[in-house]
1. Going through 138, 172, 148 one at a time, which residue ends up being touching a helix residue (DSSP H, G or I) at 6+ places or on another chain (Cβ under 8 Å), under 19 Å from residue 113 (Cα atoms) and more than 13 Å from ligand 1 (Cβ to nearest atom)?
2. If we scan segment 37-45, do we find a residue that is surrounded by fewer than 14 Cβ atoms within 10 Å (Cβ to Cβ) and within 17 Å of the chain's Cα centre (by Cα)?
3. Which residues, counting only those in segment 175-213, are away from ligand 1 (no atom under 16 Å from the Cβ) and part of a strand (DSSP E or B)?
4. Which one of the conditions (1) under 17 Å from the mean Cα position of the chain (by Cα); (2) over 25 Å from residue 38 (Cβ atoms); (3) surrounded by fewer than 18 Cβ atoms within 10 Å (Cβ to Cβ) does residue 159 fail to meet, given that it meets all the rest?
5. Quickly run through segment 73-101 and pick out the residues that are under 30 Å from residue 44 (Cβ atoms), within 10 Å of ligand 2 (Cβ to nearest atom) and buried (at least 18 other Cβ atoms within 10 Å of the Cβ).
6. For residue 200, are the conditions met, namely being crowded, with 22+ Cβ neighbours inside 10 Å, modelled with pLDDT of 95 or more, in contact with a helix residue (DSSP H, G or I) (Cβ under 7 Å, 6 or more places away or on another chain) and under 11 Å from residue 50 (Cα atoms)?
7. Considering only segment 105-135, how many residues are farther than 16 Å from residue 187 by Cβ and touching a helix residue (DSSP H, G or I) at 6+ places or on another chain (Cβ under 8 Å)?
8. Mind listing whichever residues of segment 195-207 are within 12 Å of ligand 2 (Cβ to nearest atom) and either over 23 Å from residue 160 (Cβ atoms) or without any contact (Cβ under 8 Å) to a residue 24 or more places away in the chain (or both)?
Ligand code: ADP
Ligand code: CDP
């Protein structure tokens, strides 16, 4: 399958049309951004590592019955995905309080959240991805009530599946962001599931191994992503 036109170039991935109107090629680039794109760096090997982790996790969740956009791998930085009509909301699930939740509500860092906390954000960099509730999404037509119910249900299921997978690898899933889209009227998991979109800590040391290393200038960003891949049993070609 060949790339045709560049459909969209985002902060970390590029999407290309293909000869099949239902399929896109997603290219995972080394671009790494934080703070709505304000901080940017190219980190060699990041795209490849994220694609390998995302592919592994998409396969895992597909096997557990949750539909994903993933179709097949193409190269170390490219895969084929179903073309989705993305819903412009980000579904975040949190097992441990940190990040924007603590800044927003002043709750203690590291607080264990039982049950896990589900939050919706509008996907809009200019507005800094504001927190919204499901009524905003419905009234503004960003998603239907049924789509929100499905995304919420899938998000909790994904959290359970991923928590277990990471736990078996000596890792803690702190929080995660999922994006969903519509294909043939059905809700699919889209985008990526990687250390760029999830917070993942070492279970023993509680050291962050995810994009917080980049956000907070902790160093060893790609090496930490590779450590996650290694512990999940993923072999990287590089
Ligand atoms: P951003 O848009 O936040 O800068 P990326 O660089 O990761 O992020 O770009 C990928 C874009 O492609 C995102 O906007 C995401 O919503 C969108 N996307 C992800 N998967 C699909 C898909 N299967 N079909 C259509 N769009 C998708
Ligand atoms: O990252 P920040 O502290 O600003 O936001 P957060 O709301 O605490 O992020 C929760 C989770 O969603 C983290 O795992 C982020 O990496 C992820 N996220 C993301 O992938 N993309 C965004 N635009 C916002 C958050």
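The values are calculated or read from the model by the stated rules, or taken from the named source; none is laboratory data. Everything quoted here is computed from the prediction, not taken from an experiment. Note that we place each Cβ from the backbone using ideal geometry, even for glycine, and neighbour counts take in every protein chain shown.
1. Values: 138 fails: under 19 Å from residue 113 (Cα atoms); 148 fails: under 19 Å from residue 113 (Cα atoms).
Testing whether each residue is touching a helix residue (DSSP H, G or I) at 6+ places or on another chain (Cβ under 8 Å), under 19 Å from residue 113 (Cα atoms) and more than 13 Å from ligand 1 (Cβ to nearest atom) leaves just 172.
2. Here is the first cut: in segment 37-45, the ones surrounded by fewer than 14 Cβ atoms within 10 Å (Cβ to Cβ) are 37-42, 44.
If we keep only those that are within 17 Å of the chain's Cα centre (by Cα) too, we end up with 37.
Yes, because at least one residue in segment 37-45 is surrounded by fewer than 14 Cβ atoms within 10 Å (Cβ to Cβ) and within 17 Å of the chain's Cα centre (by Cα).
3. Selection gives 175, 199, 200, 201, 202, 208.
4. (3)
5. 90, 92, 98
6. Spelling it out, it is not the case that residue 200 is crowded, with 22+ Cβ neighbours inside 10 Å, modelled with pLDDT of 95 or more, in contact with a helix residue (DSSP H, G or I) (Cβ under 7 Å, 6 or more places away or on another chain) and under 11 Å from residue 50 (Cα atoms).
7. 8
8. 197
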